Structures are given as structure tokens and as C-alpha cells.
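What follows is a set of notes on a single structure, which appears directly below.
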Amino acid sequence: MKRELHTSTPDTNGAVNRLAPEDSLVHDWYRFVLSFPPHLVRDYLQRFGIGRDHTVLDPFCGTGTTIVECKKLGIPSIGVEAMPWAYFVTTVKTDWTPDPDGLVRHVREVAALAREQLQSEGIEDEPPLPLFRSTSMVGSHHPKVLRKLPPEKEKLLLTNSISPLPLHKTLVLLECLDQCRDEKFRNHELLALGKALVFSISNLNFGPEVGVGPAKPDSPVVAPWLASVEAMAADLRPLRQTEGAPAGVHNADARRISEILTGCTIDAVVTSPPYPNEKDYTRTTRLESVLLGFIKDKADLRALKRGLIRSNTRGVYKGDDDDRWVSDHDEIQRIAKAIETRRVKLGKTSGFERQYHRVTKLYFGGMARHLADLRTVLAPGAQLAYVVGDQASYLRVMIRTGPLLADIAESLGYDVVNIDLFRTRLATATKEQLREEVVILRWPGPRQRRLSGVRAIKVPR
């Protein structure tokens with residue numbers, strides 16, 4: 001179906017990506033690289049006329065941009081997130097109950113204990129710069145055996161994502177956190193360590209995909225963690241004076257909304273689902289998920305992936321059947337066929353490449369399944385904003401995600417209000433400008449959903 005819709009075009013990517021000063025509050029506790037900015041949430045909540053008497057849902061809430069913004073605005077909200085670490089991040093970012101002064105006192109006690117333990121092993125948390133380091137200090141007093149992760153956990157990490165000495169220091173800090181455990185502050189302290197691991201302690205870099213940069217022989221651990229917690233405490237001081245709004249978060253599959261939100265009525269949705277590409281979202285948070293105990297072994301990782309929309313070939317399983325939901329969608333079938341034809345022509349034979357055409361159908365089938373189930377909890381007249389992006393990851397075959405998602409939604413009885421251009425990015429392989437768009441939908445209600453001219457999607461049984 002060819003769709004002609006007006007689009008709103010931002011002046012520059014810099015303008016739409018730029019964060020306002022108020023955007024750092026709570027959001028900076030931990031955020032995904034290239035996540036959509038909080039002002040986008042505010043813009044659509046205002047456009048939809050959403051206030052304190054409404055309830056907002058983010059079914060792919062990630063690290064909580066929509067949920068945090070709603071709480072700050074006094075609007076009740078619900079988040080659903082399948083990845084345990086991201087779910088944890090959102091629960092912590094919406095918990096403003098810890099006493100900030102008590103939190104600071106506790107982390108300083110833990111920091112002192114960790115530094116004392118490290119010094120007893122001949123390790124300084126903040127080693128001197130190389131110019132001022134004497135030869136006698138270089139490794140001569142370090143413990144002969146550094147602490148390591150168990151082999152089954154170590155295998156889950158990206159190779160060389162953290163160097164041996166920073167890992168040892170992190171494990172010492174975690175032990176000290178356990179020794180001085182205080183449940184009032186535990187989650188905020190772990191979140192701060194997760195942030196410090198990714199953005200300071202580790203060898204990870206993002207561009208925007210997660211990768212491993214040059215190995216750091218050493219890196220401060222206690223100091224960046226302490227700084228992150230103290231920044232949290234500074235944010236908590238003004239927040240504790242505000243009433244806030246209820247914010248519930250569920251660690252669950254967005255394709256099964258009706259099983260999670262029994263008795264709830266949703267007035268608006270603002271969300272950004274995964275994009276159909278080869279980005280394994282579990283790799284982005286693998287280091288902190290493993291080190292902080294959210295993924296313990298391969299079984300945990302497999303269970304996690306099974307609860308995700310199939311957006312990349314590393315998350316595809318033999319029994320997956322979400323593609324049934326789009327078996328009669330001509331354009332999605334055409335794209336999948338073009339990908340497979342190109343694969344054969346290019347002689348690509350790896351296991352992942354053989355799955356490219358299938359994961360494309362599974363992705364859109366999963367989104368159809370999500371949108372179909374979502375209808376059961378939407379209030380008549382509910383308004384929805386889905387931030388999605390074009391992709392050309394699969395052998396440079398273009399996937400225009402926004403119009404395809406809009407077509408699927410329309411086939412399920414939603415009104416397609418508009419497709420707004422949010423920002424563009426340059427595809428490294430094709431040098432084409434890829435669009436990130438916001439698909440605006442409206443749910444008219446069950447009685448009106450079979451409008452004349454709307455193609456009914458075949459619901460699998």
C-alpha cells in the first residue's frame with residue numbers, strides 16, 4: 001500500500017538530538033546511546049493532550065525515558081521491558097524514595113572499605129599518571145592472582161570488554177557492597193556501578209554499535225562509581241519534594257500486553273521498539289548485566305532473547321512463528337524475497353546471512369502481534385507514537401519501517417494519523433540518508449475498528 005502522509009521535518013539533527021538542561025535530571029543516571037530525547041516525549045504528550053488523569057504506556061521502555069518523563073510531569077505511567085538490566089534501570093530511575101544524605105554517607109563508607117581492601121593488596125584506585133609513576137609501583141605489589149568471573153560468566157562477555165585489573169577492582173567493590181549491604185540504597189548503588197562500568201571502567205565504546213576499544217591496563221573504579229552515586233543524590237534532593245506520579249514497570253514480553261496489564265486502561269503510548277537490523281540489543285548491556293548478576297549463564301541469555309521482538313538473527317530460534325502474522329503482507333514478503341535473492345546472488349552462506357530474510361518477516365510479525373494484543377488495553381480514542389527507523393542492514397536492501405508499521409496497524413483497525421520525520425542518519429554501507437520517524441496512530445475502539453476499506457489482517461491460530 002502506497003501511503004502519502006505529511007511529515008514534519010526538523011531543521012537539523014543537532015536540534016532534535018540536543019538535550020535541554022532539565023533533561024539531565026534522572027535521565028543521566030543511565031541512558032542508552034542514541035535513545036530518543038526526553039523532549040520528544042514531552043512534545044507528544046502535549047500534542048495528545050495527556051494530563052494527570054490519563055495513563056501512558058511504553059511497551060518497549062528500555063531505560064525509561066518515557067516513564068521518567070511522565071513521572072516528572074505527574075502523569076501515571078506503565079513500562080514494559082523484556083531485558084532484565086533495562087527493566088532494573090527503569091525501576092531505579094522511578095524510585096525517588098532514598099534519603100540522599102543517607103545514600104551519600106553509605107556509599108562513602110563502602111568506598112572507604114573498598115579502597116582499604118585494594119590498598120592492602122598494593123592497588124591504588126586512582127593510579128598516578130605514567131609520567132609520575134615509579135618503576136617500583138608498576139605491578140610489583142599487585143596480588144599474584146587477580147579475581148575473575150566464573151568461566152560460564154566470562155564466556156558471556158564481549159572479548160576484552162574489561163581488563164583484568166579493573167575487573168579485579170570491580171569485584172572487590174561488589175564484595176564490599178555485599179558486606180555493607182543496605183537495601184534502602186542497594187539498587188541505586190548498583191545502577192551507578194553499571195553506568196561507571198560502561199562509560200568509564202571498561203574498554204567498551206559506542207559508535208553507535210557497541211564495540212571494544214584499546215585495552216586499559218588500569219582504570220579507576222571506586223572514584224567514578226562514587227561520583228555517579230553522588231550525582232544521583234543531588235538529583236534526589238529536589239525530587240523528594242515533589243509528589244511525582246505512579247510509575248509501574250514490568251519485566252515482560254511486549255507481545256503479551258493483555259496478560260500483563262489486566263484491568264488497566266491506556267490513554268496514550270509513546271515508545272521506540274527495536275529496529276529491524278543486526279544490532280543485538282543484549283550485547284549493548286552485556287557487561288553490566290553479567291557483572292551485576294542479571295545474566296548468570298547461557299540459559300539466562302536464551303530465556304531473555306525469547307522474550308524479545310525478533311529484530312536480529314542472533315535472537316532467532318527454530319520454533320519462532322511470528323512471521324505468520326504477515327504471511328499475506330505483499331510488501332514485507334517482497335522485501336524478504338529481495339533479501340534472499342541478493343544473498344544467493346552474492347554467494348553469502350553463513351548461518352546468520354541465511355536468516356536475514358526470515359528475521360525481517362519475524363520482526364514485522366512480532367510487531368503485528370504486539371499491536372493486535374495491545375488493542376485489549378487501549379481506551380477508545382487512545383493515541384500512540386512509535387519511534388522507528390529505516391534500515392538497510394540486510395545486504396543493503398532498504399526497509400522503510402515507518403510506512404510498513406503504519407500499514408500493519410491500519411490492517412488491525414488503528415487509524416494512521418501521520419508519519420512524522422524525527423531525524424535522519426547516514427547509512428555507512430550505502431551512504432543513503434535513513435529516516436527515523438514517529439508513526440502516529442489512534443485507536444478508535446473495538447466497535448469502530450472494522451472500517452470500510454481497511455484490509456483485515458489474518459490472525460494466526
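For R314, the stated conditions hold: it is open to solvent by 10 Å² or more (accessible area, probe 1.4 Å), outside any loop (DSSP other than H, G, I, E, B), at pLDDT below 95 and under 24 Å from R425 (Cβ atoms). When Q391 is tested against (1) crowded, with 21+ Cβ neighbours inside 10 Å; (2) modelled with pLDDT under 80, exactly one condition is not met: (2).
Of the residues in region 159-206, how many are outside any helix (DSSP H, G or I), within 24 Å of T63 (Cα to Cα) and at pLDDT 95 or above? Even if it seems obvious, please write down each step before you answer.
Quick first cut of region 159-206, residues outside any helix (DSSP H, G or I) only: 159-163, 180-185, 202-206.
Within this subset, residues satisfying the condition of being within 24 Å of T63 (Cα to Cα) are 161-162, 182-185, 202-206.
If we keep only those that are at pLDDT 95 or above as well, we get 161-162, 182-185, 202-203.
Result for region 159-206: 8.
For region 98-109, filtered to residues that are open to solvent by 20 Å² or more (accessible area, probe 1.4 Å) and in contact (Cβ under 8 Å) with a residue 40 or more places away in the chain, the residue that is nearest to L371 (Cα to Cα) is D99. Among the residues of region 293-306, those identified as basic (K, R) and assigned to a helix (DSSP H, G or I) are K298, R302, K305, R306. Residues that are assigned to a helix (DSSP H, G or I) and in contact with a strand residue (DSSP E or B) (Cβ under 7 Å, 6 or more places away or on another chain) do not occur anywhere in region 380-387. Residues of region 48-84 being in a loop (DSSP other than H, G, I, E, B) and either under 18 Å from P273 (Cβ atoms) or without any contact (Cβ under 8 Å) to a residue 40 or more places away in the chain (or both), which ones? Selection gives G49, G51, D53, P59, F60, C61, G62, T63, G64, A82, M83.
Just to be sure before I move on: is I295 touching a Pro at 6+ places or on another chain (Cβ under 8 Å) and of a type outside the set (K, R) in the structure I sent? Outline the logic, then answer.
Values: touching a Pro at 6+ places or on another chain (Cβ under 8 Å): yes; of a type outside the set (K, R): yes.
Answer is yes for this residue.
Identify, from the list D280, D300, D330, D323, the residue that is among the acidic types (D, E) and crowded, with 19+ Cβ neighbours inside 10 Å. After ruling out the rest, the residue left standing is D323.
In the set D101, D95, only one residue is within 30 Å of R302 (Cα to Cα) and either in a helix (DSSP H, G or I) or modelled with pLDDT of 95 or more (or both); that residue is D95. Checking every residue in region 289-297 against the condition of being modelled with pLDDT of 95 or more and among the aromatic types (F, W, Y) gives at least one match.
Only a single criterion out of (1) closer than 30 Å to Q383 by Cβ; (2) surrounded by 15 or more Cβ atoms within 10 Å (Cβ to Cβ) is not satisfied by E230, namely (1). Residues of region 351-383 that are of a type in the set (G, A, S), open to solvent by 10 Å² or more (accessible area, probe 1.4 Å) and over 22 Å from D321 (Cα atoms): A379, G381.
Could you list, in sequence order, all residues of region 176-195 that are open to solvent by less than 50 Å² (accessible area, probe 1.4 Å), more than 17 Å from the chain's Cα centre (by Cα) and under 21 Å from E116 (Cα atoms)? Even if it seems obvious, please write down each step before you answer.
Step one: list which residues in region 176-195 are open to solvent by less than 50 Å² (accessible area, probe 1.4 Å), which gives 176-177, 180, 182, 185-186, 188-194.
From what's left, more than 17 Å from the chain's Cα centre (by Cα): 176-177, 180, 182, 185-186, 188-190, 193.
Matches in region 176-195: C176, L177, C180, D182, R186, E189, L190, L193.
For region 409-419, the set of residues classified as touching a residue at least 40 places away in the same chain (Cβ under 8 Å), closer than 11 Å to L441 by Cα and not in a loop (DSSP other than H, G, I, E, B) consists of E410, V416, N418, I419, listed by residue number. Among the candidates I309, I257, the residue that is part of a loop (DSSP other than H, G, I, E, B), β-branched (V, I, T) and surrounded by 18 or more Cβ atoms within 10 Å (Cβ to Cβ) is uniquely I309. Confirm whether Y386 is at pLDDT below 95, crowded, with 24+ Cβ neighbours inside 10 Å and within 25 Å of the chain's Cα centre (by Cα). Here the answer is no, as Y386 does not meet what is asked. One residue stands out in region 196-227 among those that are more than 20 Å from the chain's Cα centre (by Cα) and closer than 28 Å to V68 by Cα: the one that is most open to solvent (accessible area, probe 1.4 Å), namely A227.
Check whether at least one residue in region 266-274 is outside any loop (DSSP other than H, G, I, E, B), open to solvent by 30 Å² or more (accessible area, probe 1.4 Å), at pLDDT 95 or above and among the acidic types (D, E), and report yes or no.
In the first step, residues of region 266-274 are kept if they are outside any loop (DSSP other than H, G, I, E, B); the result is 266-271.
Of the ones still in play, those that are also open to solvent by 30 Å² or more (accessible area, probe 1.4 Å) are 267.
The next check asks that each one be at pLDDT 95 or above; those that pass are 267.
From what's left, among the acidic types (D, E): 267.
The answer is yes, given that some residue of region 266-274 is outside any loop (DSSP other than H, G, I, E, B), open to solvent by 30 Å² or more (accessible area, probe 1.4 Å), at pLDDT 95 or above and among the acidic types (D, E).
Applying the criterion of being open to solvent by less than 10 Å² (accessible area, probe 1.4 Å) and of a type in the set (V, I, T) to the residues of region 66-87, the residue that is nearest to L441 (Cα to Cα) is T66.
Does G244 satisfy the condition of being part of a loop (DSSP other than H, G, I, E, B), in contact (Cβ under 8 Å) with a residue 24 or more places away in the chain, on the phi > 0 side of the Ramachandran plot and surrounded by fewer than 21 Cβ atoms within 10 Å (Cβ to Cβ)?
Working: part of a loop (DSSP other than H, G, I, E, B): yes; in contact (Cβ under 8 Å) with a residue 24 or more places away in the chain: yes; on the phi > 0 side of the Ramachandran plot: yes; surrounded by fewer than 21 Cβ atoms within 10 Å (Cβ to Cβ): yes.
In short, yes.
Residues in region 317-354 that are free of Cβ contacts under 8 Å to residues at least 24 places away in the same chain, more than 29 Å from D253 (Cβ to Cβ) and either part of a helix (DSSP H, G or I) or of a type in the set (S, T, Y) (or both): T341, V344, K345, T349. Residues that are touching a Leu at 6+ places or on another chain (Cβ under 6 Å) and among the aliphatic types (A, V, I, L, M) within region 291-330 comprise L292, I295, listed in sequence order.
The values are calculated or read from the model by the stated rules, or taken from the named source; none is laboratory data. Note that this is a predicted model, so its numbers are computed, not measured. Positions of Cβ are generated from backbone atoms using ideal geometry, with glycine treated the same way; all protein chains shown enter the neighbour counts. Side chains are part of the model used for accessible areas, which takes the heavy atoms of the whole protein and leaves out ligands, DNA and RNA. Shrake-Rupley method; radii C 1.70, N 1.55, O 1.52, S 1.80 Å.
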